[in-house]
Amino acid sequence: MRGGQYQVLLLLDGLAEGGYDQILLAKESSPLRQAAKVAGHHVCPATLYNVWRWSRLSNAVVHAHDARAHTLAALVPGIRLVVSRRVAFPLKRSVPSRWKYGRAKRYLAVSCFVRDVLISSGIPPAKVDVVHDGVELPSADASWSVEGPIVALASSDPGKGRDLMQQAAALAEVDVLYSGDLLRDLRRASMFVYLTRSEGLGSAALLAMSRGVPVIASRVEGLAEVFIHNESGLYVRNNAEEVAGAIRRLRNDRELARCLAQGGRARIEERFTKEHMVNGTIGAYKRVLAP
């Protein structure tokens, strides 16, 4: 599962805790469907019939979380459709695309950058809400290990900057743990380095900050909204020498690393908790349902 799927799980949990009835429509083979079933949520196959069937309920809101779901829901007439937008690239200008994007009542942009992309692509500003990703905060005694490994995200996506990470690691003369399980590996990380060439927000960086791990990240698009440079993280340009310099800086200045770890967690508490995300989403639903 990727960041967007984890956000769906957090939203399902938060809505259930708030007493809202919900049904997840997902592909039968998807990890999200299996995880939601294990968590006790009501799950059905993502078919056109099921979208139509459940959207007929009184006060039903249909929330599409990815492009395929958006296309499926857009085919059902007369529904209250909310669409989450997590990616930073512009909308297509074709006639089918304009029709599809005109069907939604509201858009939930994962960052101010993504909101601006939607608006510049022709979505009316009044239809767009910014709802940041949220993360759950572990107990306050969670702490990072100053002697632990440097952790980066394991990804085959060429846009995620693994080539740049490898160049920077060679310059800084450090080893890097490329993680496929951040929840596990962040428990012992000395820092998390998140390099990317395009990013709607950056849920992996949020996760590291919530765990009290200092973060180095590319200053690009929505990722540039996640923290404040030198207070709750370190931003770098996508330049191997600059990334290597930031790694050395954290390695050599433990007090700075400790301050960034504390500042990152405080930043999460301020605006990126699960509660912020769930409440923002519920607010959008209420605007859709308003007469």
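Read-outs throughout are calculated quantities, based only on the coordinates presented, and are distinct from any laboratory measurement. Just so you know, these numbers come straight off a predicted model, no measurement behind them. Positions of Cβ are backbone-derived with ideal geometry, glycine not excepted, and every protein chain shown enters the neighbour counts.
List of remarks:
- Dimensionless Rg/Rh of region 162-241 - Kirkwood Rh, Rg from C-alpha atoms: 0.93
- Part-to-part distance (alpha-carbon centres) for region 1-25 and region 77-152, which is given in Å: 16 Å
- Sum of side-chain charges, Leu223 neighbourhood, beta-carbon under 13 Å (Lys, Arg +1; Asp, Glu -1): +1
- Each distinct pair of alpha carbons in region 66-117 adds a 1/r term; the inverse of their mean, the Kirkwood radius, is 11.5 Å.
- Here Cα extents along the principal axes in Å was computed from the coordinates, and among (1) 60, 40, 34; (2) 64, 47, 33; (3) 47, 47, 35 the match is (1).
- Nearest-ten-degree value, helix 254-271 long axis tilted from longest Cα axis of the chain: 10 degrees
- Spacing of the modelled spin labels on Ile228 and Met1, each 7 Å from Cα toward Cβ, amounts to 3.3 nm.
- The loop-placed GluC sites (Glu not before Pro) in region 221-276, going by DSSP, that have at most 15 neighbouring Cβ atoms within 10 Å of their Cβ come out as Glu231.
- Taking every alpha-carbon pair under 8 Å whose residues sit at least 6 apart, the chain reaches a relative contact order of 16 percent.
- Cα-based equivalent ellipsoid, region 62-187: semi-axes from gyration tensor eigenvalues, Å: 38, 19, 13
- Straightening the chain between Ser145 and Leu57 buys 26.6 nm, computed as 0.36 nm per residue apart minus the Cα-Cα spacing.
- Each label was represented as a point 7 Å from its Cα along the Cα-to-Cβ direction; for Ser30 and Ser94 these points are 2.2 nm apart.
- If you take all other residues with their beta carbon under 13 Å from the beta carbon of Gly245, and give Lys and Arg +1 and Asp and Glu -1, the sum is 0.
- Qualifying trypsin sites (Lys or Arg not before Pro) in region 39-131, where qualification requires a DSSP coil assignment and no more than 15 other C-beta atoms within 10 Å, comprise Arg56, Lys92, Arg93.
- Dipole magnitude of the chain, debye to nearest 20 (Cβ charges: Lys/Arg +1, Asp/Glu -1, about Cα centre): 1340 debye
- In summary, the lysines within cross-link reach of Lys105, defined as a Cα separation below 28 angstrom excluding same-chain residues under 8 places away, comprise Lys27, Lys92, Lys127, Lys274, Lys286.
- Local net charge near Ser145, Cβ-Cβ under 9 Å (Lys/Arg +1, Asp/Glu -1): +1
- Relative contact order of region 1-59: 29 percent, from C-alpha pairs under 8 Å at least 6 residues apart in sequence.
- Summarising the label geometry, the points placed 7 Å from Cα in the beta-carbon direction at Arg251 and Gln22 lie 4.3 nm from one another.
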